[in-house]
Every structure is written in C-alpha cells, then in structure tokens.
Amino acid sequence: MSPLAITLDFQRGVLKPCNNVIQRHLSDMRGMYLDDTATEEAIGQSDPLLYEVYQYDVPFETGQLLVVTTVLQPGKVGDEYYMTKGHFHEKEDRAEVYLGLQGQGCLLLETTGGEFKALPVEPGIVTYIPPYWAHRMVNTGQGEFIFFGVYPADAGHNYGDIEKTGFAKVLAERNGQPTLIPNPKRQKR
Ligand code: PA5
Ligand code: NI
C-alpha cells in the first residue's frame, strides 16, 4: 500500500480519512455494568451512545499498524462510570499505545495471571499496554474522554470473559469521587 497522511482532530477525535467507525450503545454492553436495573432503565429511556471508535483500516497483516481514536462520553450507569468493553488482543503478545487527547480518564489493565493496574490518563499522557495485558478505558471526567491508539493490525480483539465478569476492579463514584472498588462479579469466575 502507499504511505498516507491522516488528519486527527484533537478536539473531536475524528480521523480523516476514516474507513471504519464503530458506535457502542449501552444495549451493546448489557451485563457489563454492575447495576442491571440501571442498565435496563437507561436502555429503555434512550439507549445512550457510550463511545465511538474511528479507525483507519489497513490490511490486517503482520507488520501493519492500525491508528484509532475513541470518543468516550461522560456519564454513569448506576454509580459506575462509562467505560469501553475492554479486551485482550486475540494475538495476546501484541502491545498497544494510547495517548490521551481530551478529558480525564483511567486505563484499567490486567493479566490472566491476576495482576491488575490502573493508570490515570489525561491530555498528553502516553500509556503503554504491554503484550498479554487486557485493557479498558473509563471516563472519570465531566466531558468527553478522547484518546488515540496505535496497535499491530494483526492483533485482533478478544472480549471473552471480560464481557461476562469484567476486570478485577471497577471505577465507581464514592463520596463524589471516582474510586476503585473490587468487582463483586469476579467472585463467581
Ligand atoms: O484497540 C483498542 O484497544 C481500542 O481501539 C479499542 O478497541 C477501543 O477503544 C474500543 O474499546 P473496545 O474494543 O474494548 O470496545
Ligand atoms: Ni486493544
């Protein structure tokens, strides 16, 4: 393929050109937040758009890189902040880099071996997701949380168990503050 230049709108997160846009509504994440009643209520009312992903697809081949931005809306389901689904890479040894562009958030990471880490992200923070670490972004701020990412085009996404039981900890509001609390669903895994 030929080299190309892509415009990244730092304020809105939009990529141009962009040949793959994914929208995730709350109904795409049923069962992923702790409060199922709040989830169903919100879906019944407006089924809010939680995030949009703008990706420039190149061939999904070893050696290629994908560039992607995510625009994660502010808000909560119950007392849990809006978040991405989170995933391992299908090829688990593929790493990824995220760069915060707008807003305030937190990157949750964990391994199958039980290690967990949470890294605050704001504009100008580059986070490095090593091979074998599952990753999820959470919007802990008042406005849109926008971040840019680069990852190997052959990595793929494995949502697997994360869709059912999530990460070891969840980010919920406690006394008006984003607080990491143990995830009760993990007791059942
Ligand atoms: O590849 C990535 O890690 C990101 O581009 C994510 O896919 C994006 O942020 C959306 O998250 P998820 O794929 O977990 O829904
Ligand atoms: Ni990823």
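Readers should treat all values here as calculations from the given coordinates under stated rules, not as data from a laboratory. Quantities reported herein were computed from a predicted structural model and do not represent experimental measurements. So basically every Cβ, Gly included, is an ideal-geometry build from the backbone, and we count neighbours across all protein chains shown.
Descriptive notes on the structure:
- Lysine-lysine proximity count for the chain, Cα under 15 Å, sequence distance 8 or more or distinct chains: 8
- Between the Cα long axis of helix 36-45 and the first principal axis of the chain there is an angle of about 70°, rounded to the nearest 10.
- Calculated on the alpha-carbon coordinates, the convex hull of the range 15-62 measures out at 96 cubic angstrom per residue.
- Shape category assigned to the range 53-189 from the gyration tensor of Cα positions, a/c cut at 1.5: oblate
- The HN-Hα couplings worked out from phi for the range 8-19 by the Karplus form 6.51 cos²θ - 1.76 cosθ + 1.60 (θ = phi - 60°) are 10, 7, 4, 7, 9, x, 6, 9, 9, x, 8, 10 Hz, whole numbers, x standing for Gly and Pro.
- Theoretical ellipticity at 222 nm over the chain - DSSP helices of four or more residues, -39500 (n - 2.57) apiece, nearest 500: -2000 deg cm²/dmol
- Mean Cα-pair separation over length for the range 1-155, i.e. relative contact order, pairs under 8 Å, 6 or more apart, %: 26 percent
- Separation between Cα centres of the range 86-120 and the range 128-162, rounded to whole Å: 5 Å
- Modelled label positions at residue 16 and residue 173, each set 7 Å beyond Cα in the direction of Cβ, lie 3.5 nm from each other.
- Projected-area mean, the range 42-124, by convex hull of Cα positions, square nanometres: 7.5 nm²
- For a label point 7 Å along the Cα-to-beta-carbon line of residue 116, residues of the range 81-101 with backbone N under 16 Å: 81, 86-87
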